[in-house]
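J.: Mind looking over this structure? Questions follow.
The values are calculated or read from the model by the stated rules, or taken from the named source; none is laboratory data. Owing to the predicted nature of the structure, the values given are computational and were not obtained by experimental measurement. As a convention, Cβ positions derive from the backbone with ideal geometry for all residues, glycine included, and neighbour counts pool all protein chains shown. Remember, those area values only see protein heavy atoms, side chains included, never the ligands or the DNA or RNA. Shrake-Rupley method; radii C 1.70, N 1.55, O 1.52, S 1.80 Å.
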Amino acid sequence: MTPPDVDHIDPVDGKRRGDAGALLLDVRNSDEWQAGHAEGAAWIPMGELAERQEELPTDREIVVICKTGGRSAQVAKALLAAGYGAANVAGGSEAWQAAGMPIVTDDGRPGTVA
């Protein structure tokens, strides 16, 4: 059985879904996360996802984001195949920032997309 196609959503819809209770999951590397990430995002690097899968909620949607949308699309597809509800933020953190939504560091200060 083939998993459903990944829903590619724009950053505004991604934020709206996050505000409505979805988990916004950033899957970028440590240096990218440290430079700045979408406000309110959780962080599990793509390479650690398999071993940390138990940290993911099964009762709500997971909105996946990376820098440009490539890695997050792969992760969203894998999550769908594993039975999770998932969507990909098309354009990633770059599109998020371009849409005027906050990119912050861990201490809440303005960050940058690296």
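J.: May I ask you to list pairs of residues, at least six apart or on different chains, whose Cβ atoms are under 7 Å apart, with the first in segment 85-109 being in contact (Cβ under 8 Å) with a residue 60 or more places away in the chain and over 12 Å from D10 (Cα atoms) and the second being among the aliphatic types (A, V, I, L, M) and part of a helix (DSSP H, G or I)?
T.: Partner pairs satisfying both residue conditions: A86/A76; A86/L79; A86/L80.
J.: Can you give me the number of residues within segment 1-57 that are among the acidic types (D, E) and loosely packed, with under 14 Cβ neighbours inside 10 Å?
T.: Residues that pass the stated criteria total 7.
J.: Quick check on G100: is it of a type in the set (G, A, S) and in a loop (DSSP other than H, G, I, E, B)? Quick ask: steps written out before the conclusion?
T.: On the way: of a type in the set (G, A, S): yes; in a loop (DSSP other than H, G, I, E, B): yes.
Yes: the conditions hold for G100.
J.: Turning to a different aspect of this structure: Please go through segment 17-53 and pick out each residue that is basic (K, R) and either without any contact (Cβ under 8 Å) to a residue 12 or more places away in the chain or under 17 Å from G108 (Cβ atoms) (or both). Outline the logic, then answer.
T.: Of segment 17-53, the ones basic (K, R) are 17, 28, 52.
Passing the criteria: only R52.
J.: Another question about this same structure. Looking only at segment 61-78, decide whether some residue is more than 14 Å from the chain's Cα centre (by Cα), closer than 17 Å to G14 by Cα, open to solvent by less than 70 Å² (accessible area, probe 1.4 Å) and of a type in the set (V, I, T).
T.: Of the residues in segment 61-78, the ones more than 14 Å from the chain's Cα centre (by Cα) are none.
The answer is no, given that none of the residues of segment 61-78 is more than 14 Å from the chain's Cα centre (by Cα), closer than 17 Å to G14 by Cα, open to solvent by less than 70 Å² (accessible area, probe 1.4 Å) and of a type in the set (V, I, T).
J.: Whether any residue in segment 99-107 is crowded, with 18+ Cβ neighbours inside 10 Å and more than 12 Å from D26 (Cβ to Cβ) is what I want to check.
T.: Step one: list which residues in segment 99-107 are crowded, with 18+ Cβ neighbours inside 10 Å, which gives 103.
Narrowing further to those that are more than 12 Å from D26 (Cβ to Cβ): none.
No, that holds for no residue.
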